[in-house]
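Please treat every number below as a calculation from the coordinates, not as lab data. All values derive from a computational prediction rather than experimental measurement. Ideal geometry is used to build each Cβ from the backbone, glycine not excepted, and the neighbour counts take in all protein chains shown.
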Amino acid sequence: MIIWKLLLGRERGMDREEAFSSRKTEKRVRGSVLAGGIFFLMTVCMLTGCAVRTQGTEKIQDLEFTVLDKENIPPELRQLIEENKETPFQITYADQGKLYITEGYGSQPTSGYSVEVVGLYETQDAVRIETNLLGPGKGEETKEKTTFPYVAVQLEYIEKDVLFD
């Protein structure tokens, strides 16, 4: 590489000393640019608050809730469910001091599917819900028709984000 630079320098009419001087200057410039880039990135990280932040995921308390029949779901929420039922969905809805949380699993090929609520609890930062899709039981008679299993729960309104697990 150095030989190439010397030859290149001579082609440009530089003597050996000027070519070496040019090489040293180029190294200094590269070093300065690299140092400046590292300094810039460190400054950006410090100013934007780059840090590891853990969310309060530890359970504070289980929450009381009611699993709703289709007839007891507010009409606006029922409409949202109907519009989204063919693909998996997660919807939260608040109305008149109540929080409604729904999770659907999209289209299923037969009848016999249901959704269970495994857990619904409050953490420092959020309300967390965990559900499972249950398939038809062994020996359960099913029909070959597309179904759209989902669950809708109602609880007292809480001013926190809802996280689906």
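The length gained by stretching the chain between K59 and L163 to full extension, at 0.36 nm per residue less their Cα-Cα distance, is 36.2 nm. Taking amide H as placed 1.01 Å from N in the peptide plane, L134 has its amide H under 5 Å from the amide H of S114, V115, E116, each at least 5 places away in sequence or on another chain.
Considering only DSSP states other than H, G, I, E and B, which GluC sites (Glu not before Pro) in the stretch 127-165 qualify as loop sites with at most 13 other Cβ atoms within 10 Å? Those satisfying the criteria are E140, E141, E144, E159. Maximal additional length on extending the E82-S114 stretch stands at 9.9 nm, based on 0.36 nm per residue less the C-alpha distance. How about the stretch 57-165: which trypsin sites (Lys or Arg not before Pro) there are in a DSSP loop, with at most 13 other Cβ atoms within 10 Å of their Cβ? For trypsin sites (Lys or Arg not before Pro) across the stretch 57-165 that sit outside H, G, I, E and B with at most 13 neighbouring Cβ atoms in 10 Å, the list reads K138, K143, K145. Taking the Kirkwood radius as the inverse of the mean 1/r across Cα pairs, report the Rg/Rh of the stretch 59-164. Over the Cα atoms of the stretch 59-164, Rg/Rh equals 0.99.
Residue-wise HN-Hα couplings along the stretch 60-70, as the Karplus relation 6.51 cos²θ - 1.76 cosθ + 1.60 with θ = phi - 60° gives them from phi, are 8, 6, 6, 10, 7, 8, 10, 7, 9, 6, 3 Hz; Gly and Pro carry x. DSSP bridge analysis restricted to the stretch 105-165 gives an antiparallel fraction near 70%, rounded to the nearest 5. Extension gain for E141 to T92 (0.36 nm times residue separation, less C-alpha to C-alpha distance): 14.3 nm.
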